[in-house]
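To start, the structure under review is shown below, and the notes come after it.
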Amino acid sequence: MQIIREVDALRRAVAVLRCAGGKGGGTVALVPTMGALHGGHIALVREARRAADHLVASIFVNPTQFGPNEDFALYPRREAADAETLEREGCAILWAPDAGTMYPDGHATSISVAGVSEGLDGAARPGHFAGVATIVTKLFNQVQPDVALFGEKDYQQLAVIRRLAADLDLGVRIIGVPTQRDLDGLALSSRNFYLSKEERRAARALPRALVEAAQAIRDGGEVAAALAQARETLVAAGFSPIDYVELCDPETLRPMTTLNGPARLLAAAKLGKTRLIDNLAVTS
Ligand code: PAF
């Protein structure tokens with residue numbers, strides 16, 4: 001596996017991969033990450049290897065998607081261990097630029113995706129999705145992959161990136177990969193590293209609250225009552241504040257007050273200093 005930090009070298013290396021061919025004609029999959037790889041990332045990487053001939057993974061902790069009071073400085077950075085994992089998983093190129101390469105002096109362009117970016121995390125974390133959309137557009141332009149894979153755990157991010165790729169004709173097929181969970185149901189996340197033992201035990205209330213609410217809604221219960229019950233479950237487990245528990249249209253993410261088609265149940269809440277998010281599909 002090559003570890004590359006300069007855009008020109010990346011372009012040359014990707015061109016070589018494309019010429020190297022393969023059963024799909026030298027196709028390239030991109031798995032963008034911020035590092036601190038866990039089982040969720042491994043699932044993306046394995047799916048990427050099925051989807052294309054060659055895998056490029058990126059690691060870049062993107063400052064513009066963190067708010068002023070968020071965990072950018074503390075975000076776990078483990079490039080050496082991540083590189084070993086990616087090499088073992090058959091990654092061809094690790095694209096690991098530094099901040100100066102991604103945001104050169106005078107950088108002044110930002111991509112914003114209206115609508116789908118605006119509620120939920122978009123409301124709770126102003127500027128977050130513009131940071132994500134901008135860096136993902138740059139990564140797509142740098143690597144020019146045929147497919148790119150993102151976890152459903154960050155469901156709103158996935159919806160924003162699908163919208164972005166379609167609206168700007170980026171020519172990248174976006175694949176969403178189901179959330180990977182620990183045995184007790186907690187979605188795998190780099191932010192789980194921050195939880196104390198006690199918080200980790202309490203955190204299982206988040207998937208439980210969603211499973212129970214999804215079941216109640218599927219069984220014909222009032223959506224508002226199911227969401228209120230989920231909030232109560234979270235508060236009882238020690239989550240505070242609860243940013244949202246919402247039932248939404250799975251594409252536009254507009255709130256739904258009744259289950260009249262496919263829907264997504266999404267929640268975000270803080271446990272101590274750690275903000276956790278999760279979501280589930282709800283079908284009638
Ligand atoms: O999901 C992430 O790790 C990040 O938001 C992404 C997509 C790599 C952009 O920085």
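A short reminder: the numbers here are calculations on the coordinates, not readings from a lab. Please read these numbers as outputs of a predicted model, since none were measured by experiment. So basically every Cβ, Gly included, is an ideal-geometry build from the backbone, and we count neighbours across all protein chains shown.
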The number of residues in the range 193-210 that are surrounded by 15 or more Cβ atoms within 10 Å (Cβ to Cβ) and either without any contact (Cβ under 8 Å) to a residue 12 or more places away in the chain or within 16 Å of residue 264 (Cα to Cα) (or both) is 5
Taking the criterion of being surrounded by 18 or more Cβ atoms within 10 Å (Cβ to Cβ), under 14 Å from residue 56 (Cβ atoms) and either of a type in the set (Ser, Thr, Tyr) or within 13 Å of the ligand (Cβ to nearest atom) (or both), would at least one residue in the range 122-131 satisfy it? no
Hey, residue 160 surrounded by 22 or more Cβ atoms within 10 Å (Cβ to Cβ), under 18 Å from residue 279 (Cβ atoms), of a type in the set (A, V, I, L, M) and within 11 Å of the ligand (Cβ to nearest atom) or not: yes
How about the range 188-207: which of its residues are out of contact with any Leu (no Cβ under 8 Å at 6 or more places or on another chain) and outside any helix (DSSP H, G or I)? 188, 196
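So that you can scan it fast, the table gives a plain yes or no per residue for (1) small (Gly, Ala, Ser); (2) surrounded by fewer than 22 Cβ atoms within 10 Å (Cβ to Cβ); (3) over 19 Å from the mean Cα position of the chain (by Cα):
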position	(1), (2), (3)
100	yes, yes, yes
145	no, no, no
154	no, yes, no
171	yes, yes, yes
174	no, yes, no
Taking residue 210 as the residue in question, decide whether it is under 23 Å from residue 118 (Cα atoms) and part of a loop (DSSP other than H, G, I, E, B). no
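Every residue, every condition in (1) in contact (Cβ under 8 Å) with a residue 60 or more places away in the chain; (2) under 27 Å from residue 192 (Cα atoms), yes or no:
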{"position": "2", "(1), (2)": "yes, no"}
{"position": "8", "(1), (2)": "no, no"}
{"position": "11", "(1), (2)": "yes, no"}
{"position": "18", "(1), (2)": "no, no"}
{"position": "28", "(1), (2)": "yes, no"}
{"position": "38", "(1), (2)": "yes, yes"}
{"position": "55", "(1), (2)": "no, yes"}
{"position": "76", "(1), (2)": "yes, yes"}
{"position": "99", "(1), (2)": "no, yes"}
Find the helices (runs of 4 or more DSSP H) located wholly in the range 107-171 whose residues include 3 or more that are without any contact (Cβ under 8 Å) to a residue 24 or more places away in the chain and over 18 Å from residue 44 (Cβ atoms), and list them. none
Would the range 25-36 turn up any residue that is assigned to a helix (DSSP H, G or I) and under 24 Å from the mean Cα position of the chain (by Cα)? no
Filter result (surrounded by fewer than 21 Cβ atoms within 10 Å (Cβ to Cβ) and assigned to a strand (DSSP E or B)) within the range 247-257: 255
Within the range 6-37, track down each residue that is under 15 Å from residue 174 (Cβ atoms) and either buried (at least 20 other Cβ atoms within 10 Å of the Cβ) or within 13 Å of the ligand (Cβ to nearest atom) (or both). 28, 29, 30, 31, 32
